[in-house]
Amino acid sequence: MAHQLSAPENRKKKGHTASHGNEAEDVRLPRDGGSMEEGNDTAGRKVAGWCHLAALHLSHLSPLFTTIERLPISAICKDTHTKATDTTTGMYRDLTITEGEHGVWKSIKQPAARDTDEESDEDPSDLDAPRPSKSKPSKDKDKDKGKYIPQLKKRMGKLQTVNIDATRGLIPFTVDLLEASKSTLKHIHIDSPPTEQYRRRDKALPAASSGVVVFDSVEELRVTNDEWIDKFMSGGWVFPALKKLSVGHVYAKTDQGRLTSIKAWNIDTVDGADWRAFTAAIAKCPKLTSIEGLTILNAKDIQLSDNQDETSSDLSDNQDETSSDRSVLKTPVYDSLGLLKAALDTNWNKDNMKGVPKTLTFNHRFTLGADFSRQLTDRSGPNHFTLPDLLTWAPGVACNIEWSPRTDNRELGRDKVKDGIMDTVIDCSTEVPEAPPAPHGVTAETVKKVTSTCKKVALSCGGSPLHGTWGALLSFPEATHLAVEAEDLYQPAPASKMVNSIPEFLLETTEAPEEGNSRCLPSIEHVHAQVVRSHSNGHEGLPSGAATRELEGLMGSLKRVREASFFVSALSDLSQCISYFSGLHHSLDKLEVKIDNMVADMLADAAHECEAGLSYPQVKSLSVDVGGARLKKDHVRNLLSLILSIRPTRVSLTIDLSTDDLVGDVDLDEEGQSTPEPAFAAFCVECVARVGGTYEVLGSDHKVNADGVNTSTLMLELELKDSTRKGRSKAKARPKKANRKD
């Protein structure tokens, strides 16, 4: 018998993503135009109405709908109701809840005892639908909904699978549904979006329940919502048949006799109470072969939570009291992995596990430099364990070690032009008397493996360059993002030290320096660079001429760059950085600039004077954010001159001007108060006139902030009048082909 059954497309728009194998079938609910009775389609073929569907076919339709969406189906007719609500073959053997349905489920209240004595025969096909006139008043709406709870519990008393989007937290009623199906559930999936930031738990774990709820048949458990994890613990839920566990953050023990795999966003490997509990627990998992999500942090990244047990591992003796963090561990980074090895050896060295393939997946941001080299031989930690120990041990127990970049903070930066935290760091930020050579053996092979697939690289500058032997290991063929920056944005080293710390091997090209692409970084398309002046470096800017050879050589070797962003304190440094890309054979699609608002207004006027005679790349789009930097009028004029030299196709400017610079031009308003508004308006007219010969002014605006004492803001949107470039500022620059306006 042919079936014309079709699910409306808007179900996917609602966020329902349940997997199923019937997407090609035509499923139509009665309210969507589907027929309840048998009939013919437009081609004359016989089709089944909802009332005539076999129980098996009705069951196969379940994955197309969330649990709420199935309610109207069970109300079509008595026969369909019987089939749909059958606890063995019906449509309510799985519970599916999307984020958009949380409001409906959370509105279901537990009924008073007197309302649960008798079960209604009505079908709650729409819990929010108006009731007949004989129903209870609206003020008793929650009570009215409550009378259906016994029905729902009975109907969904033999759940096998649970899929809950927990973005909006825990739904109390669903806890009861899960407990009611504790003997039949096999798969539990309760998901929240992955956290963007690594964190340690700030609140204490919930007290364990005095009672126990045993889920006898659950083989797969995925729960990435902390509120639900707390409920599991406080409710005393146990899963003796569990084989696969996937969670968001592992905070405590997870011992399980049948467990074969553990997966989490972050399994904190920092030595402490939680890590010791976790390693003790996995020693009791004889069938465990896979752990994914083990997170290794560098010492500077570790911030302990308020409830961290500082008595474990002698944490109080390892704190850096001068750190801005609450405490920073000084234990060697890889030392705590000795506990992991010891725990796994408990079972992995047994005869029945020898030769069985095993996998450990670590989230780690390799920071390759002098400190990394020191860590490889540092056995000062309580476990006397190093990274080479781990890498040497793994093959002997048939374990494959995989490395993944840390995803926490990946798109979060201290300033909005920064392209996020990098996967791997080339660490040249530490000054050492003699740079140590690159590692060898298993560690060297690991570094090669990691760098060969790395997508984002950071070059941390200001100290000593890496030893030349690192050049044979550091090749990033797949890296598309590069950040060049000081380790400490607020206390950067002088710009000259930043330049001198760049290793020579990073300047190597595949051909002649003017034409060849970078050997180590051949695929870079996005570059972010910071050149920040501060009190700590004496407001020193970039040197000129041959003194910038390393930085110019590095930037100039990146022949595939499409987007660049700069965070600078001075316009002179900015103009130099942009000029390093003048040898590109193509236009920069996007150039973003943010001016440091901490010291830009403190610098001498010369710092904002751009060097004459520089050549620049072709740029399609330039955005400049000088918010809060309080530039003077002459500084703004210099910036506009730089823009006219670069001649981007489109320009977006946001400039905060120092109103103090308008002293002498301040007028009185209608109330006799001094105001810089007229003088500022006149300066805005001047700015528009300066660029008006070259650019169409698509938009301009200015405003005096607050009472006008501190800053005033100028905003300009510009488009090049003639998009055909007629050459660049130097004869050696290649001409740009005609471009149409965007």
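The values are calculated or read from the model by the stated rules, or taken from the named source; none is laboratory data. Everything numeric in this text was worked out from a predicted model, so none of it was measured. FYI the Cβ positions are ideal-geometry reconstructions off the backbone, even for glycines, and counts take in every protein chain you see.
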Conditions (1) at pLDDT below 85; (2) not assigned by TED's automatic domain parsing to the domain that holds Cys399: number failed by Glu227: (1)
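Given the criterion β-branched (Val, Ile, Thr), touching a Ser or Thr at 6+ places or on another chain (Cβ under 7 Å) and modelled with pLDDT under 95, identify the matching residue among Val442, Val417, Val457.
On the way: Val442 fails: modelled with pLDDT under 95; Val457 fails: modelled with pLDDT under 95.
On inspection, the qualifying residue turns out to be Val417.
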Residue in the stretch 256-275 that is farthest from Leu288 (Cα to Cα), counting only those that are in a loop (DSSP other than H, G, I, E, B) and of a type in the set (Val, Ile, Thr): Val270
Out of (1) over 23 Å from the mean Cα position of the chain (by Cα); (2) surrounded by 15 or more Cβ atoms within 10 Å (Cβ to Cβ); (3) among the hydroxyl-bearing types (Ser, Thr, Tyr), what's the single condition that is false for Tyr490? (2)
Considering only residues that are on the phi < 0 side of the Ramachandran plot and modelled with pLDDT under 90, look in the stretch 544-568 and name the one that is nearest to the chain's Cα centre (by Cα). Ser544
Residues in the stretch 585-596: is at least one over 26 Å from the mean Cα position of the chain (by Cα), under 18 Å from Met498 (Cβ atoms) and either part of a helix (DSSP H, G or I) or polar (S, T, N, Q) (or both)? no
When the residues of the stretch 602-630 are filtered to those that are under 17 Å from Val531 (Cβ atoms) and in contact with a strand residue (DSSP E or B) (Cβ under 8 Å, 6 or more places away or on another chain), which remaining residue is modelled with the highest pLDDT? Val624
Could you please let me know if Ser565 is over 17 Å from Glu515 (Cα atoms) and outside any helix (DSSP H, G or I)? yes
Out of (1) closer than 30 Å to Lys632 by Cα; (2) surrounded by fewer than 23 Cβ atoms within 10 Å (Cβ to Cβ), what's the single condition that is false for Glu511? (1)
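Among residues belonging to the stretch 531-545 that are free of Cβ contacts under 8 Å to residues at least 60 places away in the same chain and touching a helix residue (DSSP H, G or I) at 6+ places or on another chain (Cβ under 9 Å), point out the one that is surrounded by the most Cβ atoms within 10 Å (Cβ to Cβ). Don't jump to the end; show me each part of the working.
Quick first cut of the stretch 531-545, residues free of Cβ contacts under 8 Å to residues at least 60 places away in the same chain only: 531, 536-538, 540, 542-543, 545.
Checking which are touching a helix residue (DSSP H, G or I) at 6+ places or on another chain (Cβ under 9 Å) leaves us with 531, 537, 540, 542-543.
Working: Val531: 26, Asn537: 19, Glu540: 17, Leu542: 24, Pro543: 16.
Only one residue tops the list, namely Val531.
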Answer yes or no: is there a residue in the stretch 726-741 that is modelled with pLDDT under 90, among the hydroxyl-bearing types (Ser, Thr, Tyr) and touching a strand residue (DSSP E or B) at 6+ places or on another chain (Cβ under 8 Å). no
